[in-house]
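The values are calculated or read from the model by the stated rules, or taken from the named source; none is laboratory data. Please read all numbers here as calculations on a predicted model, not as lab measurements. Ideal geometry is used to build each Cβ from the backbone, glycine not excepted, and the neighbour counts take in all protein chains shown. Please note that ligands, DNA and RNA were not included when accessible areas were found on the heavy atoms of the full protein model with its side chains. Shrake-Rupley method; radii C 1.70, N 1.55, O 1.52, S 1.80 Å.
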Amino acid sequence: MKHISSLAITTMLSAFLMGPFAFAGDKTMITMGGTPVALEGKIPNINSPAPLFKVVDEKFNPVSLSDFKGQTVLISAVPSLDTGVCALQTKRFNKAFANFGADVVMLTVSEDLPFAQKRFCQTENVDKIKVLSDSVWRDFGEKYGLLIKDRGLLARSIFIIDAQGILKYHELVAEVSEHPDYDAALTALTEIAAVK
């Protein structure tokens, strides 16, 4: 019971960390360099089934959330790997991956083309996590409510999906240029992955 209580606190913390967001009609608003921008789609609710999505790997092979069935999945969404914060975010999770077992998968998803993602991974030695592109169908961005209107980029966000396919953690960063709370996400990942 103590473990569930701790997980509930982590989930509430992640909701709090999402910060103060404006809403324009049914659109979530974040900021880019202080300028308000709208997000397309609807962010899925905590404790609901995680929407299935289709992205591509470095060879343009389709990859789906269903490919990781039975595993705990952390998804780190970033606007572009060619920017400082996105690069640091991706490298941070790549380094942290060593602390988890085979039942945990970490994904970075961006709208960058697979060629650019492959170059980034080779240059920065990102070789533990899977870096995937939403540039072909923008399916992930739309289903997870992260596509920045008129920019073709994803909002910075972290999702954690448990082994049963239920969304258990989410942080949407209010200002695109800021970092997510890595420690909170990794603590939540440890707790969620421990629940069998």
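Here are a few things to note about the model shown:
- Verdict on Phe140 being touching a His at 6+ places or on another chain (Cβ under 6 Å) and touching a residue at least 60 places away in the same chain (Cβ under 8 Å): no
- Residue within the stretch 92-111 that is closer than 20 Å to Glu175 by Cβ, open to solvent by 10 Å² or more (accessible area, probe 1.4 Å) and not acidic (Asp, Glu) present: yes
- Residues considered: Asp103, Asp112. Of these, the only one that is acidic (Asp, Glu) and out of contact with any helix residue (DSSP H, G or I) (no Cβ under 7 Å at 6 or more places or on another chain) is Asp112.
- Subset tally (residues that are open to solvent by less than 10 Å² (accessible area, probe 1.4 Å), over 12 Å from Ile43 (Cβ atoms) and in contact with a strand residue (DSSP E or B) (Cβ under 6 Å, 6 or more places away or on another chain)) for the stretch 159-179: 3
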